[in-house]
Amino acid sequence: MMQKRIHNIEKFCMNPIKTQEKVLKKLISKGKNTKFGKEHHFSQITKYSHFKNNIPIRTYEEFSKYIERTRNGEQNVVWPGKIKWFSKSSGTTNAQSKFIPVTDESLKECHFKGGKDMLSLYGNNFPFSDMYNGKGLMLGGSLKNSEEGDYKDGDLSAILLDEFPFWVNYHRIPDIHTALMEDWENKLERIAQQAVKENITNLTGVPSWMLILLKRVLLISGKKNISEVWPKLELYMHGGINFEPYKEQFKALIPSKKMNYLEGYNASEGFIAIQDKSPSEGLLLMLDYGIFYEFIPMKNFKKGILETTNLKDVQLNINYALVISTNAGLWRYLIGDIICFTNLSPFRIKIIGRTKSFLNTFGEELVIDNTDKALIEVCKKHHASIKDYTVAPIFINKGLGGHQWLIEFSKEPQDIQGFKVDLDKSLQELNSDYSAKRSQNLLLNMPDIILIKNNEFYLWLKKNKRLGGQYKIPRLSNDRKVVEEIIALL
């Protein structure tokens, strides 16, 4: 079964454009008798240009009127039949909850398929793996029935846990009741107590929350490191945020030469890409999951020009806003992620940042990829490691400003002033716009760093009901709302 799937992956890698054309044709066929399909004349769509002309690109806010109709019990709105699950996501830049539809097709042909493919690709790269002679620990969110009782809302991870076949749950911990608990702090404790007694061979979850769990397991066990608790642990499957800033902490906790790390890009909207090589060469864009991809060059997106290109015309080293149409009933949906291609044969991508999460208050155009890379480089130089960070503008006077960094270190640098100077230098090397604004303090002053020492990031997440699951601290903001709320907790 595994080798058959590897063959199919190789097949779509060799015929990517044809694969995507088939996906689009199938999506249009499935959607043409829905209310959305009739409203947008799907029956007249015979080629990509018709598809672009008939359906406008929409953000969540613009598409939400259709989602609300499905949540109110209306059938055949954006996808045939009734939608039974909605993945709840607050995003990182907006406190407003988003409810992303999850259909039977997207669950089985996209999300479940992606999970199986991660294991298939891992097995293909590491054929002598002993992973199945033990259990997997999966850290997920919570799930609850709607007030009407005819659908469920929750984190995508919780929907997957609740719908896994019985044989998957047999090889996984925690038990389903614990896995779906809403009380995050109590849930972490119960998972740690269960996990410490098991033979864990693989982990799945968001890095920031997984670190908290692993440290709790270590405390309960009394061992020196996680490799002593689980000697056969060999794989951590992660996603949701850039893993690089956390990698040194994981290596310190799990000092095993056989430990491997595998990245997946599984958003609420769909399973999009998987790391297919070790070491990583980027994430392989999964083309046969019922997702049709389009791309808007960011230089145009910033000007409000939403003209898309499809896969056959993309180029290397250009940042694109990602647009998807899916078997969950999302149509030309602006997912909010920025990607670039690291390879065109096969198509591999890298996540650069978010369309709403960047710093451009003074024309500096910093994206998360810049700040992550700078921090990783400077932490190595100063023998430091971080737990989390967020950045916002400071407004000083006469148009002059700067960036205020709130950083929580797991290992602080000895010379914080030197760290700040090197951080500024690294950002200038990575981003010419930032460098131009920093030149002779023209518009930007030296960065200001505030140390987070008493768990204020965690307290902010707790206060805003964002503990657990896929929730995370916003990285970059063009206003000071989040930063001021966190500073108030200091």
With runs of 4+ DSSP H residues as the only contributors, calculate the mean residue ellipticity of the chain at 222 nm using -39,500 (n - 2.57) per run, divided by the residue total and rounded to the nearest 500. -10500 deg cm²/dmol
Got a sec? Charge dipole of the chain, +1 on Cβ for Lys and Arg, -1 for Asp and Glu; which of 338, 306, 476 is way out at the positive end? 306
All Cα pairs of the chain, percent lying beyond 36 Å: 31 percent
Cβ charges +1 (Lys, Arg) and -1 (Asp, Glu), total dipole of the stretch 358-487, debye: 400 debye
Where both partners of a DSSP beta bridge lie in the chain, what percent of those bridges are antiparallel, to the nearest 5? 70 percent
Which of 162, 415, 153 has the fewest Cβ neighbours within 10 Å, and the rest in rising order: 415, 162, 153
Based on DSSP, what percent of beta bridges with both residues in the stretch 307-429 are antiparallel, to the nearest 5? 95 percent
Rounded to 5, percent antiparallel among DSSP beta bridges of the stretch 358-487: 70 percent
If neighbour count is taken as other Cβ atoms inside 10 Å, put 79, 405 in order from fewest to most. 405, 79
Suppose every K and R has +1 on its Cβ and every D and E has -1 on its Cβ; what is the size of the dipole of the stretch 1-97 about the Cα centre, in Debye to the nearest 20? 420 debye
Cβ-placed point charges (K, R +1; D, E -1), dipole of the stretch 197-346 about Cα centre in debye, nearest 20: 640 debye
Exposure-ranked with fewest Cβ neighbours within 10 Å first, 209, 331 stand as 209, 331
Distance between Cα centroids, the stretch 256-313 to the stretch 34-110: provide it in whole Å. 20 Å
When each of 22/135; 18/387; 302/472; 247/481; 380/472; 277/303 is checked by Cα-Cα distance, pairs over 32 Å: 22/135; 18/387; 277/303
Packing-wise, with mean Cβ within 10 Å as the measure, how do 384-390, 45-51 rank, highest first? 384-390, 45-51
Mean Cα-pair separation over length for the chain, i.e. relative contact order, pairs under 8 Å, 6 or more apart, %: 14 percent
How would you rank 26-36, 233-243, highest first, on the average number of other Cβ atoms within 10 Å across their residues? 233-243, 26-36
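Here, each number is a calculation from the coordinates, and none is a lab measurement. The structure displayed is predicted, hence computed values, not measured ones. We place every Cβ from the backbone using ideal geometry, glycine too, and count neighbours over all the protein chains shown.
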